[in-house]
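Enquirer: Have a look at the structure that comes next, please.
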Amino acid sequence: MKSLNEIKNNKDFNHNLEIVNYSSSIFSKIVDFNNKVLDAFNKLEKDGCTVYSEDYEYINELNYSAYKKLNVETYQEYSKIVGAIGISEMLVNQGIEDNDVECLTEGLYTLGQILNELNVFDKEDNYVGF
């Protein structure tokens, strides 16, 4: 049996630990972002605005992909994704402030598009969308 120090000094172990840390952090940020959009959609619907079922489905798809397929291997990838979330969140915040469903939707789909372009979803299907 290996000691804890031997495990920590193992490059593969440390690399895998970094992947788990980056991926877990990004997953949490994506879920928080999607919850923010979902709450805003619900508020706007209560105020009489129309939110399409496809938008809710896209939130589910993005959450599922983040949970099952997200693979962030480097700090550079992590930083790019944090930036993408930030850009999308600016759109969402503006949509919330203006009670603008289109702006919220644009922020949501922008995040999915950027994540696809960054190719951070692996496994058999690396595309989020319809």
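Enquirer: For the range 75-114, what is the accessible area per residue in Å² when the probe is 1.4 Å?
Expert: That works out to 53 Å² for each residue.
Enquirer: Working with all protein chains in place, sort LYS68, LYS36 by solvent-accessible area computed with a 1.4 Å probe, largest first. Intermediate values should be presented prior to the final figure.
Expert: Working: LYS68 100, LYS36 65 Å².
The ordering from most to least exposed comes out as LYS68, LYS36.
The values are calculated or read from the model by the stated rules, or taken from the named source; none is laboratory data. Keep in mind that this is a model prediction, so the values were computed, not measured. Surface areas here come from the heavy atoms of the whole protein model, side chains and all, with no ligands, DNA or RNA. Shrake-Rupley method; radii C 1.70, N 1.55, O 1.52, S 1.80 Å.
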